[in-house]
Amino acid sequence: MKAIRIHAFGGPEVMQLEEVERPVHGADEILVKMYATSVNPADYIIRQGGNDLLRPYLKLPLGLGLDAAGIVEEVGNDVKDFKKGDKVYGVPNFPGDGSYAEYLTAKASQFTLMPRNITFMEAGALPSCALIAWNGIVDLGRVEAGQRVLIHGAAGGVGNLAVQIAKAKGAYVIGTASPYNVDFLKQLGANEVLDYRDQQFDALLNNIDLVFNASPVRDHATRVKSADLLKEGGIFVCTQLDSPFSDELKDALARKNATGTHVGGGGLAYVSSLSETTRLIEEGKVKAVISKVYPLDQVSEAHRESETKHVRGKIVIKIREEN
Ligand SMILES: NC(=O)c1ccc[n+]([C@@H]2O[C@H](COP(=O)([O-])OP(=O)(O)OC[C@H]3O[C@@H](n4cnc5c(N)ncnc54)[C@H](OP(=O)(O)O)[C@@H]3O)[C@@H](O)[C@H]2O)c1
């Protein structure tokens, strides 16, 4: 089978499409015939050698890719939840050998059934971003109908799902984005969209219940200004796991008796979170946003585009044609 692997850390050119052995599943694992994956910032961060959190887990040669959507081809003896032929999606093996591959094996517990009303390409765009958006907005953010939610990086992979999930929960949603994404975000359900380049969001907003920072840019000043906008007892959730909160941010949160947490890296209910998003997708309240689809042999181009940090929604990698 074919898979993308790296033998050295570096730029997009280190990714090679190789012929490798098809993996063999264990008793609690499934073998998945892959149809689609997508590009996440973690993919190019790992390709470059990782950050302080990831580096200890990265051993070369390494397969890349977080997201997986495909069909169950074989099931281990202990697997009760899936059978051959099931369409599944999930985030397998992170941060080990990844999903840019024609087949993969992983624990069955890392997958859930795909929504019945979407394609493999759409499913490949969703799992890791949907998990983070759900964990951030619902589990940690404890969003309630009528609350005012500020989402930074609203047009990105995580951000667009956070907008949709917060909206589905009845919140008043304010996103930050470039001007070319204003109409797109309003169509997704955002009540207000602020241009983070030209508009001073901190001068225009107040009384925010929940800040969800889903920007791929680690910007200390934006964090502190956002914390200052929170209501007393508000919540600040940040996706940037590798970037700890500064004392200035902790002080700003303390002034509001606010809770500040990072989201990601496991720990929260995994498959149940993705299953909740699945339900919203099947109800037509959340959809996948795909900006472009690349074939597996053009994954380097896909990474270059993702590294601009201005992709709308997701870049999907097509591994097989779907019928
Ligand atoms: N913790 C986890 O497990 C986990 C999982 C997935 C992602 N993440 C993290 O979540 C963050 C977002 O990931 P992602 O996949 O959504 O990234 P992404 O899709 O690459 O984000 C792209 C978006 O970021 C926006 N953006 C760029 N600069 C911005 C700025 N200065 N202010 C506000 N928005 C800006 C762009 O909007 P415009 O084009 O409109 O400018 C673009 O739509 C990353 O930090 C990633 O590492 C964490």
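The values are calculated or read from the model by the stated rules, or taken from the named source; none is laboratory data. It should be emphasised that the depicted structure is a prediction, and the values quoted were computed from it without experimental measurement. Every residue, glycine among them, receives a Cβ derived from its backbone with ideal geometry; neighbour counts consider all protein chains shown.
Does residue 302 satisfy the condition of being in contact with a helix residue (DSSP H, G or I) (Cβ under 6 Å, 6 or more places away or on another chain) and either outside any strand (DSSP E or B) or free of Cβ contacts under 8 Å to residues at least 24 places away in the same chain (or both)? Considered against the rule, which asks whether it is in contact with a helix residue (DSSP H, G or I) (Cβ under 6 Å, 6 or more places away or on another chain) and either outside any strand (DSSP E or B) or free of Cβ contacts under 8 Å to residues at least 24 places away in the same chain (or both), residue 302 comes out as no.
The range 155-236 holds strands (runs of 3 or more DSSP E) entirely within its bounds, and those carrying 1 or more residues that are within 16 Å of residue 250 (Cα to Cα) map to 208-213. Looking across the range 2-38 at every residue that is among the acidic types (Asp, Glu) and part of a loop (DSSP other than H, G, I, E, B), the one that is surrounded by the most Cβ atoms within 10 Å (Cβ to Cβ) is identified as 28.
Considering the range 248-274, the residues that are hydroxyl-bearing (Ser, Thr, Tyr) and either modelled with pLDDT under 95 or not in a strand (DSSP E or B) (or both) include one that is surrounded by the fewest Cβ atoms within 10 Å (Cβ to Cβ), namely 272.
Looking only at residues that are touching a residue at least 24 places away in the same chain (Cβ under 8 Å) and of a type in the set (Gly, Ala, Ser) in the range 231-263, which one is nearest to residue 50 (Cα to Cα)? Of everything passing the filter in the range 231-263, 243 is nearest to residue 50 (Cα to Cα).
Of all residues in the range 275-299, those satisfying the criterion of being charged (D, E, K, R) and assigned to a helix (DSSP H, G or I) are 276, 279, 282, 297.
Looking at 314, 309, 318, 292, just one residue is at pLDDT 95 or above, touching a Gly at 6+ places or on another chain (Cβ under 6 Å) and not aliphatic (A, V, I, L, M), and that residue is 314. All but one of (1) within 12 Å of the ligand (Cβ to nearest atom); (2) assigned to a loop (DSSP other than H, G, I, E, B) hold for residue 245; state the number of the condition that does not hold. Condition not satisfied by residue 245: (1). Of everything in the range 309-323, what is of a type outside the set (D, E, K, R) and within 8 Å of the ligand (Cβ to nearest atom)? Give them in sequence order. Hits for the range 309-323 are 310, 311, 313. For the range 165-184, the set of residues classified as within 13 Å of the ligand (Cβ to nearest atom) and in contact (Cβ under 8 Å) with a residue 40 or more places away in the chain consists of 178, 181, 184, listed by residue number. Hey, residue 274 hits all of (1) under 27 Å from residue 16 (Cα atoms); (2) touching a strand residue (DSSP E or B) at 6+ places or on another chain (Cβ under 7 Å); (3) more than 12 Å from the ligand (Cβ to nearest atom); (4) not hydroxyl-bearing (Ser, Thr, Tyr) but one; which does it fall short on? Residue 274 satisfies all of (1) under 27 Å from residue 16 (Cα atoms); (2) touching a strand residue (DSSP E or B) at 6+ places or on another chain (Cβ under 7 Å); (3) more than 12 Å from the ligand (Cβ to nearest atom); (4) not hydroxyl-bearing (Ser, Thr, Tyr) except (1). Which condition number in (1) small (Gly, Ala, Ser); (2) within 12 Å of the ligand (Cβ to nearest atom); (3) at pLDDT 95 or above is the one that residue 227 fails? Going through the list (1) small (Gly, Ala, Ser); (2) within 12 Å of the ligand (Cβ to nearest atom); (3) at pLDDT 95 or above, residue 227 breaks only (2).
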